[in-house]
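Participant: What follows is a structure written as structure tokens; I'll ask about it next.
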Amino acid sequence: MGSTKIPRKAAVGLAILGVFFLMALVGPLVAPYDPSAFVDIPLQPPSRAHLLGTTGQGQDVWSQTIAGARASLLVGFVAGLAMTTIGATVGAIAGTFGGLVDDVLSLLTNVSLVIPGLPLAVVLAAYLPAGTRALLVVLVATGWAWNARVIRAQVLSLRNKDFVAAAIVTGESRLHIVFREILPNMTSVLASCFISATVYAIGAQVGLEFLGLGDMSVVTWGTNLYWASNDAALLTGAWWTLVPTGLSVALVGTALVLVSFSLDEITNPRLRAVSDWTRALAARGIRPGASTPVVRDHG
Amino acid sequence: MGSAPLLAVEELVVAYQTPSGPVRAVDRVSFVLERGEVLGLVGESGSGKSTVAQALARILAPPAMITGGRVLFEGHDVLAMNEDELRRFRWRKMSFVLQSAMNALSPVLTIGDQIIDVLVTHERTSKRVARERAAHLLELVGIDPTRLASHPHELSGGMRQRVGIALALALHPPLVVMDEPTTALDVVVQHEVLSKIAELKEKLGLSVLFITHDMSIVSQFATRIGVLYAGRLVETAPTRELFRAPRHPYTKGLLGSFVSIHGPRRKLVGIPGSPPDLRRLPAGCAFRARCGEAAAQCATEAPVLRVIAEDHHTACHVVSP
Amino acid sequence: MRYLLRQLGLYILAAWASLTLNFIVPRLAPGDPASAMFARYKGQLQPEALAALREAFGFTGGPLHEQYAAYLAHLFRGDLGVSVAYFPAKVTDVLAMGLGWTALLTGSSVVVAFALGSLLGVIAAWRRGGAFDTTLPPLLVFLGAFPYFWLAMMLLYGFGFTLDVLPLRHAYADTLAPSLSFSFVASVAEHLLLPATSIVLASVGGWMLSMRSSMIGVLAEDYVTMAHAKGLSPLRIMFHYAARNALLPNVTGFGMALGFVLGGSLLTEIVFSYPGQGYLLVQAVRSQDYPLMQGIFLTITMAVLAANFLVDVLYVWLDPRTRGR
Ligand SMILES: Nc1ncnc2c1ncn2[C@@H]1O[C@H](COP(=O)(O)OP(=O)(O)O)[C@@H](O)[C@H]1O
Ligand code: SF4
Ligand SMILES: [Mg+2]
């Protein structure tokens with residue numbers, strides 16, 4: 001029961017992420033085919049030659065999945081980082097300064113939160129020139145506000161803590177307090193904000209590309225699904241054009257969430273105490289009921 | 001078992017599961033509470049008072065577990081009861097008034113709902129009869145019965161605490177456990193609530209386990225007092241005896257910082273140092289680091305409660321009868 | 001009632017912000033896409049239609065504030081221009097076709113997912129660390145990590161295509177005309193089942209987790225300890241005391257999450273060719289029908305804002321503490 005060892009959830013999550021990072025990093029070097037090239041008869045099921053079959057355009061699905069990992073993870077993490085940076089800045093300034101600054105920034109945040117993201121993203125993406133830069137702008141514009149809200153709330157609860165009060169008393173500038181005293185003290189919150197922003201970015205990116213927004217000639221997880229659906233993959237029974245990409249998106253998302261769960265447990269050890277408690281009782285053959293259990297250890 | 005005391009706690013041990021393993025928050029606590037008696041349980045914050053209280057009815061939330069002892073109520077062991085027996089035992093035999101009445105009442109239910117459901121559950125009365133009874137109960141604590149329709153946030157702190165008392169009396173239980181019933185209140189309201197409790201105790205012949213960290217309050221109420229330190233009882237005696245001749249160095253410290261009921265009130269801050277970390281209790285006496293009278297033996301051997309005068313128990317190596 | 005008024009103010013501001021975004025985006029985008037759009041439509045649309053479209057978008061040639069005024073004037077008359085994809089239908093008429101279906105699909109699946117997820121969250125928190133609590137959340141997290149439309153495609157493939165037990169597309173059988181007859185309603189329900197299930201599967205985990213963590217907080221409250229002390233039945237404590245309080249933050253979150261879930265459900269419509277706003281959206285994207293896209297953005301935003309306000313009213317009803325304020 002050492003508290004220093006990496007929790008199991010985090011270990012699983014990090015392992016999955018590691019595999020995908022490796023895939024994104026060196027994958028294109030080991031991918032058997034050019035992901036966008038016509039390499040064989042279209043819509044062949046998985047075989048020796050094509051581990052995951054071929055698409056309706058005669059491309060190799062395995063090579064496409066690998067290439068998609070690079071493009072989609074890059075956009076996801078860059079957008080996640082940008083959203084966290086903007087959210088943290090807005091949230092921390094609102095929370096630290098208070099007063100009118102807070103009112104204005106909070107209003108901006110809340111307005112941004114209640115406007116539904118996908119329809120706005122569609123309008124933005126339709127008018128911006130197709131490309132990675134536009135995609136990033138769209139993702140960040142529709143996704144920053146949640147982080148700002150979470151971080152503002154966290155700052156408000158930190159503001160009364162001693163070290164912030166001390167900084168205020170010693171006359172440090174407000175911005176110094178925000179960036180030097182407050183933000184460094186909430187790394188775990190920032191990390192979980194970054195994680196949820198990245199999950200959002202990957203999902204939203206896939207969704208927009210599935211709609212046909214963005215550059216359809218680039219191989220990403222989103223365009224893979226777009227083409228699979230365009231080529232009527234389902235009606236021809238070509239499940240293998242859909243499953244690898246969908247599974248990749250889900251695995252990355254799940255891995256990120258698992259890491260975030262573990263962060264919660266590490267920063268809030270009481271969350272874990274109850275699980276340990278249940279396990280300790282189970283070890284003695286006791287199922288927890290509504291009343292405090294009585295455990296008699298003899299010896 | 002007509003001769004059994006109302007409540008006899010024997011060697012009660014309670015542990016909380018923590019990331020660094022189970023921690024004993026209550027360690028081999030024993031006491032007896034006779035009918036009509038008011039037993040005061042005193043100790044600093046974190047000494048395990050609430051843990052003892054809630055263990056009595058087995059309402060401690062996870063990650064708590066009771067790891068030893070017996071809780072005999074009218075001779076029946078609460079720790080051996082099954083869920084059905086416990087549900088019938090609770091509130092009918094032992095009711096609670098909790099520290100902060102703000103949180104002891106659900107904010108989304110009316111006062112009436114929260115009194116009526118206990119009557120309906122235990123006495124299977126109709127809602128209408130229960131409502132009348134609830135109105136009487138509010139009158140008993142001096143609150144207008146129209147308040148049954150109010151939500152907790154619409155009442156003042158003092159009123160909420162009196163609602164809590166009315167609720168505790170709903171089934172006329174022989175024992176009421178009051179866990180710091182006045183701590184969250186200001187002095188005037190505190191006084192008002194205390195006199196209400198005193199009045200009702202006389203009128204209804206209640207037995208009370210009265211928990212507080214405030215010596216001045218317990219001196220007005222309790223017939224006997226138990227002093228808790230780091231989850232262990234360090235001294236028990238009749239109130240008079242304890243105030244006249246405290247023996248344990250910790251009790252002496254508590255009373256030293258207590259001036260008098262009529263003098264200026266002071267909180268329990270008179271003893272230098274702070275309570276030990278329960279996860280790393282020192283060998284020997286838990287109070288040693290703060291004790292002015294410590295001897296060599298205190299570092300190695302944990303003192304146990306011993307009789308040092310009639311009805312007076314102390315757990316300290318340097319105290320002798 | 002101050003709480004409701006404040007929320008109403010927020011929504012009005014958000015409505016104004018989205019109207020204005022709708023005006024600004026075409027003008028701010030690099031490369032003047034609006035002109036390019038009109039240039040492209042020149043071949044497709046008659047000159048009068050093109051002029052009307054320019055009017056509706058405020059491209060009057062005057063200074064910006066005049067353009068804005070013209071745009072708002074048209075908007076308040078309910079003129080969103082004509083659709084290119086469905087030419088010569090007006091955008092408002094096209095939108096009207098899909099609004100009901102989206103409301104039905106999103107509304108029903110969001111409500112089911114919320115209710116089911118909250119219930120599961122209550123149970124998981126009540127039996128924390130137990131078998132249910134350790135298996136279900138990771139499973140639902142995994143399910144929720146798939147894109148909504150991907151789950152939709154899998155369900156479509158499994159139940160519609162391979163097993164052939166449920167319809168593949170549209171909101172009701174092509175052989176029926178909309179009416180209040182039993183066969184029509186049954187057909188609508190049958191067509192609703194798969195898309196709604198995929199939305200529920202994708203979103204139920206989120207509700208479960210947030211209800212679970214809210215419950216865990218509430219279970220440590222004194223009023224729950226008190227309810228145990230009172231000897232009430234576990235079911236009563238669980239639902240009447242704990243869940244009722246734990247629901248409150250989730251209801252607040254419901255409004256916020258609505259816009260997000262809606263995005264997923266629009267994509268699900270596409271998979272099932274469900275004739276709602278999502279289906280229109282993909283038509284608009286494919287034929288670069290900017291007026292329709294913007295019309296969809298505006299209507300959906302307004303609908304979400306209205307739904308948020310309803311949720312706030314519900315909140316006030318659930319939490320007596322907000323009533324006085
Ligand atoms: N849920 C919990 N997990 C771990 N330790 C706890 C928990 N609740 C209480 N404790 C510990 O048990 C001890 C006794 O607490 P408590 O009974 O509340 O004391 P008191 O009522 O005298 O202030 C304290 O040291 C406290 O830190
Ligand atoms: S046993 Fe020793 S250390 Fe403990 S109170 Fe007595 S004298 Fe002090
Ligand atoms: Mg306490």
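The values are calculated or read from the model by the stated rules, or taken from the named source; none is laboratory data. Because the structure is a prediction, the values reported are computed rather than measured. Positions of Cβ are generated from backbone atoms using ideal geometry, with glycine treated the same way; all protein chains shown enter the neighbour counts. Each accessible area value is taken on the protein alone, full model and side chains, heavy atoms only, with ligands, DNA and RNA left out. Shrake-Rupley method; radii C 1.70, N 1.55, O 1.52, S 1.80 Å.
Participant: Taking region C:133-158 as the region of interest, how many residues are surrounded by 19 or more Cβ atoms within 10 Å (Cβ to Cβ), within 7 Å of chain A (Cβ to nearest Cβ) and closer than 14 Å to A:G253 by Cβ?
Facilitator: Looking only at that region, the number is 5.
Participant: Is there a residue in region B:178-198 that is more than 16 Å from ligand 2 (Cβ to nearest atom), open to solvent by less than 10 Å² (accessible area, probe 1.4 Å) and touching a Phe, Trp or Tyr at 6+ places or on another chain (Cβ under 6 Å)?
Facilitator: Within region B:178-198 (the criterion being more than 16 Å from ligand 2 (Cβ to nearest atom), open to solvent by less than 10 Å² (accessible area, probe 1.4 Å) and touching a Phe, Trp or Tyr at 6+ places or on another chain (Cβ under 6 Å)), the answer is yes, since at least one residue qualifies.
Participant: Give the residues of region C:274-298 that are under 20 Å from A:N230 (Cβ atoms), open to solvent by 10 Å² or more (accessible area, probe 1.4 Å) and within 7 Å of another protein chain (Cβ to nearest Cβ), sorted by residue number.
Facilitator: C:V285, C:R286
Participant: Here are the criteria: (1) more than 14 Å from chain C (Cβ to nearest Cβ); (2) more than 10 Å from ligand 1 (Cβ to nearest atom); (3) part of a strand (DSSP E or B). Tell me which single one B:M65 does not satisfy.
Facilitator: Every condition holds for B:M65 apart from (1).
Participant: So how many residues does region C:56-86 have that are loosely packed, with under 15 Cβ neighbours inside 10 Å and in contact with a helix residue (DSSP H, G or I) (Cβ under 7 Å, 6 or more places away or on another chain)?
Facilitator: Residues in region C:56-86 being loosely packed, with under 15 Cβ neighbours inside 10 Å and in contact with a helix residue (DSSP H, G or I) (Cβ under 7 Å, 6 or more places away or on another chain): 2 in total.
Participant: Among the listed residues C:F272, C:F260, which satisfies the condition of being in contact with a Lys or Arg (Cβ under 7 Å, 6 or more places away or on another chain), in the same structural domain as C:A115 (by TED's automatic domain parsing) and at negative phi?
Facilitator: After applying the criteria, what remains is C:F272.
Participant: Would you point out which residue out of A:S112, A:S72, A:S63, A:S106 is polar (S, T, N, Q), buried (at least 17 other Cβ atoms within 10 Å of the Cβ), farther than 30 Å from C:Y290 by Cβ and within 14 Å of chain C (Cβ to nearest Cβ)?
Facilitator: Just one listed residue meets the conditions, A:S106.
Participant: Is there a residue being farther than 30 Å from C:A284 by Cβ, within 13 Å of chain C (Cβ to nearest Cβ) and out of contact with any helix residue (DSSP H, G or I) (no Cβ under 7 Å at 6 or more places or on another chain) anywhere in region A:161-182?
Facilitator: The answer is no; no qualifying residue exists.
Participant: Please verify whether A:V123 is closer than 19 Å to A:D215 by Cβ and in contact with a Phe, Trp or Tyr (Cβ under 6 Å, 6 or more places away or on another chain), treating the condition exactly as stated.
Facilitator: yes
Participant: Just one of (1) within 8 Å of chain C (Cβ to nearest Cβ); (2) open to solvent by 30 Å² or more (accessible area, probe 1.4 Å) trips up B:F96, so point out which.
Facilitator: Result: B:F96 fails condition (2) only.
Every residue, every condition in (1) at pLDDT below 95; (2) part of a helix (DSSP H, G or I); (3) away from chain C (no Cβ under 12 Å), yes or no:
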| site | (1), (2), (3) |
| --- | --- |
| B:T125 | yes, no, yes |
| B:A134 | no, yes, yes |
| B:G142 | yes, no, yes |
| B:T146 | no, yes, yes |
| B:G158 | yes, yes, yes |
| B:V176 | no, no, no |
| B:P181 | yes, no, yes |
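Participant: For region B:16-39, which positions are crowded, with 23+ Cβ neighbours inside 10 Å, among the aliphatic types (A, V, I, L, M) and near ligand 1 (Cβ under 10 Å from one of its atoms)?
Facilitator: Of everything in region B:16-39, just one residue is crowded, with 23+ Cβ neighbours inside 10 Å, among the aliphatic types (A, V, I, L, M) and near ligand 1 (Cβ under 10 Å from one of its atoms), namely B:V26.
Participant: Another question, then. Which of the residues belonging to region A:34-43 are over 29 Å from the mean Cα position of the chain (by Cα) and either open to solvent by less than 50 Å² (accessible area, probe 1.4 Å) or over 11 Å from A:W240 (Cα atoms) (or both)?
Facilitator: A:A37, A:F38, A:V39, A:D40, A:I41, A:P42
Participant: Can you pull out the residues in region B:40-58 that are open to solvent by 10 Å² or more (accessible area, probe 1.4 Å) and more than 10 Å from ligand 1 (Cβ to nearest atom)?
Facilitator: B:R58, the sole residue that qualifies.
Participant: Let me ask something else about it. What pairs come out if I take residues in region B:228-255 that are part of a strand (DSSP E or B) and pair them with residues that are open to solvent by less than 30 Å² (accessible area, probe 1.4 Å) and among the β-branched types (V, I, T) whose C-beta lies under 6 Å away, six or more apart or interchain?
Facilitator: Short answer, once both residue conditions are applied: B:L233/B:V29; B:V234/B:V227; B:E235/B:V227; B:E235/B:T251; B:E235/B:T314.
Participant: Report, by residue number, each residue of region C:285-325 that is among the aromatic types (F, W, Y) and in contact (Cβ under 8 Å) with a residue 40 or more places away in the chain.
Facilitator: Selection gives C:Y290, C:F297, C:F309, C:Y315.
Participant: Another question, then. Determine, yes or no, whether C:F239 is open to solvent by 20 Å² or more (accessible area, probe 1.4 Å), among the hydrophobic types (A, V, I, L, M, F, W, C) and either facing chain A (nearest Cβ under 10 Å) or in contact with a helix residue (DSSP H, G or I) (Cβ under 9 Å, 6 or more places away or on another chain) (or both).
Facilitator: Yes; evaluated as a whole, the condition is true for this residue.
Participant: I'd like to check something: does region C:185-207 contain any residue that is within 9 Å of chain A (Cβ to nearest Cβ) and modelled with pLDDT of 90 or more?
Facilitator: Within region C:185-207, not a single residue is within 9 Å of chain A (Cβ to nearest Cβ) and modelled with pLDDT of 90 or more.
Participant: Looking at (1) within 13 Å of chain C (Cβ to nearest Cβ); (2) at pLDDT below 90, which one does A:W221 not meet, given that it meets all the others?
Facilitator: A:W221 satisfies all of (1) within 13 Å of chain C (Cβ to nearest Cβ); (2) at pLDDT below 90 except (2).
Participant: Considering every residue within region A:24-31, establish whether at least one is within 28 Å of the chain's Cα centre (by Cα), closer than 15 Å to A:L251 by Cβ and of a type outside the set (S, T, N, Q).
Facilitator: yes
Participant: Scan region B:39-55 and report the pairs whose first residue is within 23 Å of C:A227 (Cα to Cα) and whose second residue is more than 9 Å from ligand 1 (Cβ to nearest atom) and part of a helix (DSSP H, G or I), with Cβ atoms within less than 8 Å and a gap of 6+ or a chain change.
Facilitator: Once the first residue is within 23 Å of C:A227 (Cα to Cα) and sits in region B:39-55, its partners that are more than 9 Å from ligand 1 (Cβ to nearest atom) and part of a helix (DSSP H, G or I) give B:Q54/C:T225; B:Q54/C:A229.
Participant: Only one of A:L52, A:L81 is aliphatic (A, V, I, L, M), in contact with a strand residue (DSSP E or B) (Cβ under 8 Å, 6 or more places away or on another chain) and surrounded by fewer than 23 Cβ atoms within 10 Å (Cβ to Cβ); which?
Facilitator: Selected residue: A:L52, the only one of A:L52, A:L81 that is aliphatic (A, V, I, L, M), in contact with a strand residue (DSSP E or B) (Cβ under 8 Å, 6 or more places away or on another chain) and surrounded by fewer than 23 Cβ atoms within 10 Å (Cβ to Cβ).
Participant: If you go through region B:160-171 one residue at a time, how many are within 16 Å of ligand 3 (Cβ to nearest atom) and within 11 Å of chain C (Cβ to nearest Cβ)?
Facilitator: 1
Participant: Do we find a residue being open to solvent by 20 Å² or more (accessible area, probe 1.4 Å) and away from chain A (no Cβ under 13 Å) anywhere in region C:5-19?
Facilitator: Within region C:5-19, one or more residues are open to solvent by 20 Å² or more (accessible area, probe 1.4 Å) and away from chain A (no Cβ under 13 Å).
Participant: Just wondering, is there one or more residues in region A:166-174 that are assigned to a helix (DSSP H, G or I), open to solvent by 20 Å² or more (accessible area, probe 1.4 Å) and not β-branched (V, I, T)?
Facilitator: Checked against the condition, which is being assigned to a helix (DSSP H, G or I), open to solvent by 20 Å² or more (accessible area, probe 1.4 Å) and not β-branched (V, I, T), region A:166-174 yields at least one hit.
Participant: Also: Just to check your reading of the model, which residue among A:A130, A:A191 is within 21 Å of A:V75 (Cβ to Cβ), open to solvent by 30 Å² or more (accessible area, probe 1.4 Å) and away from chain C (no Cβ under 14 Å)?
Facilitator: Unique residue meeting the criteria: A:A191.
Participant: Residues B:P174, B:P145, B:P181: which one is of a type outside the set (A, V, I, L, M, F, W, C), touching a strand residue (DSSP E or B) at 6+ places or on another chain (Cβ under 9 Å) and away from ligand 3 (no atom under 16 Å from the Cβ)?
Facilitator: B:P174
Yes/no matrix, rows are residues, columns are (1) assigned to a helix (DSSP H, G or I); (2) more than 30 Å from A:L256 (Cα to Cα); (3) of a type in the set (A, V, I, L, M, F, W, C):
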{"residue": "C:L50", "(1), (2), (3)": "yes, yes, yes"}
{"residue": "C:G62", "(1), (2), (3)": "no, yes, no"}
{"residue": "C:E66", "(1), (2), (3)": "yes, yes, no"}
{"residue": "C:P137", "(1), (2), (3)": "yes, no, no"}
{"residue": "C:F142", "(1), (2), (3)": "yes, no, yes"}
